[in-house]
Amino acid sequence: MTTAVLGRPSGWPPGMVAGILAGLGAGAFWGTAFVAPLLTPGFSSIDLTVGRFLSCGLLSVLLLFLAGVRREAHLPTLRQTGAALWLSLLGYTGYYLLLVLAIQAAGAALPVLIIGTIPLWIMLLGKPQGLHWRALVPGLLLTLAGLALMMRETAHGAEAGDGTNLWIGILYAVLAMASWTAFGLLNARWLRHHPEVNSTVWANWLGVAAGMGALVIWAVAGTELDVLMQRPGFGAFVVVCAVTGIGSAWIASVLWNMASRRLSPSLAGQLIVSETVFGLIYTFAWSARWPAALQWAACVLFVLGILASIKAHR
């Protein structure tokens, strides 16, 4: 009779349980971004994006400074700095900027639907060589069915742009989807090729790069700090930016790096749908209302898809 070793269920590959828990934890923190706009109605998506990544960048700088004081700092090489800047553009500031532009041009519904396909693309493009396609089919179909139900509910009565603006918005949304898909795959590959850089250090480097990108977006947007400070709810805005910057940006990044090291991109990609599940939970808890029937069904399909993908990768 087989037994669990060091708390790992019998028959599970080493590190898989920790990777799954880390991936789900990242989804739980990412989901807080869904409720952030509800807490700060007087501030734009660009304000929240800049505030979020500035908070993440400041925390990263502080942690790197403290590591330097303890003489534990690991300074990046020139190539590592370039990788951090490039990947932070793909998965952090560049991705969010493209998403904001898509929503401004085409409304919220279509960009959300396009972005919702990211888990499917990562699962398809990140399949391990030794894993047969038929093993992924149940998880893919369940996730696709869940996305279809969520899209139907999201699109119901939603606004959209028209004419040229609509197609420009769709283009921005496709570019945003491609940007984060590339980030998910390239970040996982970078971590596999650089085991000497731990997940926390890499999250700090990405955080500093994202903070620099946020400053660029802020400069381009042209919003002045004194104007922001005079808006009602500025205190709540600062708190939300700090919480999302630390939680959904920095902590989620550490957890996602841990998951990327321990899981194949296809399984890690499947876990991304947990962001939607947690986001809905937070949103409905804040709004004090129950999800629609289609949203309940979509969440159930998402969970079943995750379980099917875990079984396939064992």
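The values are calculated or read from the model by the stated rules, or taken from the named source; none is laboratory data. Keep in mind that what you see is a predicted model, and the values were worked out from it rather than measured. We place every Cβ from the backbone using ideal geometry, glycine too, and count neighbours over all the protein chains shown.
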field: Qualifying position, being at negative phi, part of a helix (DSSP H, G or I) and touching a residue at least 12 places away in the same chain (Cβ under 8 Å), among Val227, Val220, Val201
entry: Val201
- line: When segment 12-49 is checked residue by residue, the ones that are closer than 16 Å to Ile103 by Cβ and in a helix (DSSP H, G or I) are Ala33, Phe34, Ala36, Pro37, Leu38, Ser45, Ile46, Asp47, Leu48, Thr49
- request: Test each condition in (1) farther than 17 Å from Asn257 by Cβ; (2) at pLDDT 80 or above for Tyr95 and report the one that comes out false.
  value: (1)
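Considering Pro37, Pro14, which residue is more than 24 Å from Trp180 (Cβ to Cβ), of a type outside the set (Lys, Arg) and at pLDDT below 85?
Pro14
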- request: Test Ala160 against the criterion of being at pLDDT below 90 and not in a helix (DSSP H, G or I), and give yes or no.
  value: yes
query: Any idea how many residues of segment 53-101 are surrounded by fewer than 14 Cβ atoms within 10 Å (Cβ to Cβ) and part of a helix (DSSP H, G or I)?
result: 8
query: Going by the conditions given, is Leu113 surrounded by fewer than 22 Cβ atoms within 10 Å (Cβ to Cβ), in contact with a Ser or Thr (Cβ under 8 Å, 6 or more places away or on another chain) and part of a helix (DSSP H, G or I)?
result: yes
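Does at least one position in segment 234-241 carry a residue that is out of contact with any strand residue (DSSP E or B) (no Cβ under 9 Å at 6 or more places or on another chain), at pLDDT below 85 and either surrounded by fewer than 17 Cβ atoms within 10 Å (Cβ to Cβ) or aromatic (Phe, Trp, Tyr) (or both)?
Within segment 234-241, not a single residue is out of contact with any strand residue (DSSP E or B) (no Cβ under 9 Å at 6 or more places or on another chain), at pLDDT below 85 and either surrounded by fewer than 17 Cβ atoms within 10 Å (Cβ to Cβ) or aromatic (Phe, Trp, Tyr) (or both).
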statement: Taking segment 273-287 and keeping residues of a type in the set (S, T, N, Q) and closer than 8 Å to Val35 by Cβ leaves Thr283
Total residues in segment 184-223, condition under 18 Å from Gln80 (Cβ atoms) and of a type outside the set (S, T, N, Q): 23
Selection within segment 121-146 - under 18 Å from the mean Cα position of the chain (by Cα) and buried (at least 19 other Cβ atoms within 10 Å of the Cβ): Ile122, Met123, Gly126, Thr143
